[in-house]
Every structure is written in C-alpha cells, then in structure tokens.
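See structure below.
The values are calculated or read from the model by the stated rules, or taken from the named source; none is laboratory data. This is a predicted model, so every value here is computed, not measured. Counting neighbours? That spans all protein chains shown, and the Cβs are built from the backbone with ideal geometry, glycine included. These area figures cover heavy atoms from the full protein model, side chains too; ligands, DNA and RNA do not enter into them. Shrake-Rupley method; radii C 1.70, N 1.55, O 1.52, S 1.80 Å.
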Amino acid sequence: MSRIGKMPIAVPAGVTVTIAENNKVTVKGPKGTLERELAPELKIEEKDGHILVTRPNDLKRMKSLHGLTRTLINNMVHGVTEGYEKVLEVNGVGYRAAKQGKNLVLNLGYSHPVEMVDPEGIETVLDGQNKIIVKGISKEKVGQYAAEIRDKRRPEPYKGKGIKYADEVIRRKVGKTGKK
C-alpha cells in the first residue's frame, strides 16, 4: 500500500473541497481557488473533514497515481491556506533586479535588460536589489516561474555569478593558474 497515498488530508476551517465527475477537484480557500482534473480511475471522497484517496487495484499505474493524487490535492489545500514562495538571489557585480508594475527587470551583464512579465496568479516581490521572492498559491506555477527567472543567467562555478535559489549551494571550481 502506498504510505503517502493512504494518509488522509485534513481540510482546515475556511477551505471547501468539491469533487465533481471525472475527479475534477476544486479547492477554495482564503487565498484563492485552485482546480485540477485528476486520474478518473482513483476514488476521491470526503469523510468528516478529511479527504481520502483509494485505488481500485494494485496495478503499477494505480500504485504510482495513488501517492501522486494525494500529494497534488494536499498541495492545493496548502496553497489556498498558506501559499508558496521561492526566494532567488542575484549575485554578481552590476547584476540587479528592479520592478516596474507587473514587470521584473533584470540587469544580468547582457547588452540589454531582461524584462519578464509576472504570470497570472504569481507575484514577484523584491527585497533589496538582489533578492527576488516569487509568491503564489499554485506550487507548480511558483516553481516554474522561479526556474524561468533562474534560467536567464544560471550561476557559474568559477565566481558564482548569476541567479540562484536562496538554499542552493554552488560547487565552486578553481580557476586556471599562470605559468612559472
């Protein structure tokens, strides 16, 4: 049995979960609404303030979908109550981030500034000139947008310049040495 899949999901106060046909799950909470269509083979039911996910048989596909479905619903419930955020750091001489309305303007050593528009439901907040906080209710969208920002200039191993996650550790390399 899937250890994650069989755990019940507690639904906090102020959150409503609706399960429509074809396992279309809608979660409404204080921060917003998320909806997602999940695998129709699995059985999702709500019992006295908890959501339970059960699988019909022990086929490999059902086993793999069991834990995934439970985690996706749990992430939706967590997102509408507390939300998600990722912190990025901009390192390098002359590298900086600025905010213009819904646009994030990055100066990353290119001949032009890189402009990125915040997607729907995602908000970027600057903490100084070199800390970007990506916030939202969907874990998937927050992670995707943070990865897109990081891709504009990935950290390099010699000086550590670029955009990195706050908890990321860059493995540094020794540069070349001169002749004797």
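Overview of results
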read-out: Meets criteria (of a type outside the set (Val, Ile, Thr), at pLDDT below 95 and open to solvent by 50 Å² or more (accessible area, probe 1.4 Å)) for residue 144; value: no
read-out: Top-ranked residue in the range 25-43 [being in a strand (DSSP E or B) and of a type in the set (Lys, Arg); ranked as farthest from residue 67 (Cα to Cα)]; value: 28
read-out: Number of the exception - residue 129 against (1) within 30 Å of residue 10 (Cβ to Cβ); (2) out of contact with any Ser or Thr (no Cβ under 9 Å at 6 or more places or on another chain); (3) open to solvent by 50 Å² or more (accessible area, probe 1.4 Å); (4) not small (Gly, Ala, Ser); value: (1)
read-out: Number of the exception - residue 64 against (1) of a type in the set (S, T, N, Q); (2) open to solvent by 70 Å² or more (accessible area, probe 1.4 Å); (3) closer than 30 Å to residue 166 by Cβ; value: (3)
read-out: Within the range 79-123, considering residues that are in a strand (DSSP E or B), of a type in the set (S, T, N, Q) and out of contact with any Phe, Trp or Tyr (no Cβ under 7 Å at 6 or more places or on another chain), the one most open to solvent (accessible area, probe 1.4 Å); value: 100
read-out: Of the criteria (1) outside any helix (DSSP H, G or I); (2) free of Cβ contacts under 8 Å to residues at least 40 places away in the same chain, which one residue 159 fails; value: (2)
read-out: Pair list, Cβ < 7 Å and 6+ apart or interchain, from the range 31-45 residues that are touching a residue at least 40 places away in the same chain (Cβ under 8 Å) to residues that are basic (Lys, Arg) and open to solvent by 50 Å² or more (accessible area, probe 1.4 Å); value: none
read-out: Qualifying residue in the range 51-67 (condition: assigned to a helix (DSSP H, G or I) and within 19 Å of the chain's Cα centre (by Cα)); value: yes
read-out: So residue 19, is it open to solvent by less than 80 Å² (accessible area, probe 1.4 Å), over 27 Å from residue 151 (Cα atoms), among the aliphatic types (A, V, I, L, M) and not in a helix (DSSP H, G or I); value: yes
read-out: Any hit, the range 28-47, residues being of a type in the set (Asp, Glu) and closer than 24 Å to residue 143 by Cβ; value: yes
read-out: Any hit, the range 102-122, residues being polar (S, T, N, Q), touching a residue at least 24 places away in the same chain (Cβ under 8 Å) and touching a strand residue (DSSP E or B) at 6+ places or on another chain (Cβ under 9 Å); value: no
read-out: Flag if residue 46 is surrounded by fewer than 18 Cβ atoms within 10 Å (Cβ to Cβ), acidic (Asp, Glu), within 22 Å of the chain's Cα centre (by Cα) and in a strand (DSSP E or B); value: no
read-out: Per-region count, the range 111-130, residues charged (D, E, K, R) and more than 17 Å from the chain's Cα centre (by Cα); value: 2
